[in-house]
Amino acid sequence: MRSKIVAGNWKMNKNLDEGLALTSEIVNMFKDEVNSDALAIIAAPFPLLSGVNGLIKDTDNVFLAAQTCSEYASGAYTGEVSTSMLSSVGVAYVILGHSERRGYFHESDEILAKKTDTVLQAGMKPIFCCGESLETRESGDHFKFVCDQLTAGLFHLDADAFSKVVIAYEPIWAIGTGKTASAEQAQEMHEKLRAHVAEKYGKDIADDTSILYGGSCKPGNAAEIFAGKDVDGGLIGGASLKSRDFVDIIKAF
Ligand code: PGA
């Protein structure tokens with residue numbers, strides 16, 4: 001059975017004190033208020049990972065993620081952070097291919113395929129992002145564009161490796177814009193993505209793959225979006241920076 005997941009992507013926000021305070025609030029509210037089997041994931045900036053891990057490591061349902069990683073194992077790559085460093089501080093998931101990484105930092109499909117391999121080799125799970133621009137959606141090519149992103153970044157994996165991947169569909173035009181995809185638009189794309197995975201890996205693996213929606217998801221619209229039969233949760237940016245909003249989104253299941 002696939003997991004229900006709400007992942008908070010803090011992006012480049014919060015210093016150490018702020019991040020630890022936010023984590024404590026989330027852990028406490030989660031414990032007191034959440035009675036579904038949903039998992040929460042906190043994707044904190046690199047310098048905060050170890051501290052955040054200290055607060056979540058004894059919980060059953062809250063996990064730690066990094067927002068990217070190096071494609072290299074170790075060595076003279078100034079400024080980079082390797083997957084073995086991440087796993088050594090308790091990171092269980094790594095977000096890969098966020099549209100901000102693809103756009104601002106020129107991460108190509110080829111680099112993302114390599115990063116996917118390094119994350120899996122280190123025993124962590126990729127949260128692999130895909131999503132189209134407004135221009136692509138208006139051209140009518142969005143289904144093919146997003147399926148092609150999965151093919152390029154993930155479909156070199158064998159079935160066992162692929163079964164560890166979480167997919168996040170994030171239409172670029174909905175990220176941080178306050179403009180959410182409608183529940184129908186999200187469900188429609190998720191269904192296409194699941195069918196695309198089934199074509200390559202078979203129905204059982206496709207049915208077990210969690211596909212999250214991201215893009216201006218908030219407490220007010222989460223329940224409607226998560227009601228889609230192929231929508232298994234969310235990747236949350238802005239609304240993950242407030243414990244109340246983040247936990248209310250988790251409670252939307
Ligand atoms: P948003 O960001 O929720 O602020 O739109 C989502 C994301 O970029 O993961």
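Couplings for segment 55-65, taken from phi via the Karplus curve 6.51 cos²θ - 1.76 cosθ + 1.60 with θ = phi - 60°, read 8, 10, 5, 9, 8, 8, 10, 10, 10, 9, 10 Hz in order; Gly and Pro are left as x. If R0 is taken as 30 Å, the Cβ-Cβ distance between residue 24 and residue 81 corresponds to a FRET efficiency of 0.75. Quick one: Debye curve from the C-alpha atoms of the chain, no solvent, what's log10 I(q)/I(0) at q = 0.11 Å⁻¹? Results for the chain at q = 0.11 Å⁻¹ read -0.53. If a paramagnetic tag sat 7 Å from the Cα of residue 12 along the Cα-Cβ line, which residues of segment 106-137 would have the backbone N under 17 Å from that point? Counting only backbone N, you get 106-107. The convex hull defined by the C-alpha atoms of segment 44-103 has an orientation-averaged projected area of 4.5 nm². Note on residue 184/residue 110: beta-carbon distance plugged into 1/(1 + (r/R0)^6) with R0 of 25 Å gives a FRET efficiency of 0.15. Rounded to the nearest 500, the 222 nm mean residue ellipticity of the chain from helices alone is -13000 deg cm²/dmol, with -39,500 (n - 2.57) taken per DSSP H run of at least 4 residues.
Restricting the trypsin sites (Lys or Arg not before Pro) of segment 171-239 to loop positions (DSSP other than H, G, I, E, B) with no more than 10 neighbouring Cβ atoms within 10 Å leaves 229.
Placing a label point 7 Å from the Cα of residue 151 along the Cα-to-Cβ line, the residues of segment 100-135 whose backbone N sits under 15 Å from it are 109-110. For segment 43-123, trypsin sites (Lys or Arg not before Pro) meeting the loop criterion (DSSP other than H, G, I, E, B) and having at most 15 other Cβ atoms within 10 Å: 57. Amide H contacts of residue 64 (H built 1.01 Å from N, in plane; Pro and chain starts excluded): 42, 92, 93 sit under 5 Å, all sequence-distant by 5 or more or on other chains. If the segment from residue 117 to residue 207 were pulled out straight at 0.36 nm per residue, it would be longer than the present Cα-Cα gap by 30.2 nm.
Are any of the pairs 57/125; 4/192; 14/164; 115/200 more than 25 Å apart by Cα-Cα distance, and if so, which? Beyond 25 Å between Cα atoms: 14/164. Legend: calculated FRET efficiency, residue 72 to residue 244, from the Cβ-Cβ distance at R0 = 30 Å, rounded to 0.05, equals 0.15. Taking 1 over the mean of 1/r across every pair of different Cα atoms in segment 1-147, what Kirkwood radius in Å do you get? So the Kirkwood estimate lands at 16.5 Å.
No value in this document is a laboratory result; all are computed from the given coordinates. Remember, predicted model here, so these are calculated numbers, not experimental data. Note that we place each Cβ from the backbone using ideal geometry, even for glycine, and neighbour counts take in every protein chain shown.
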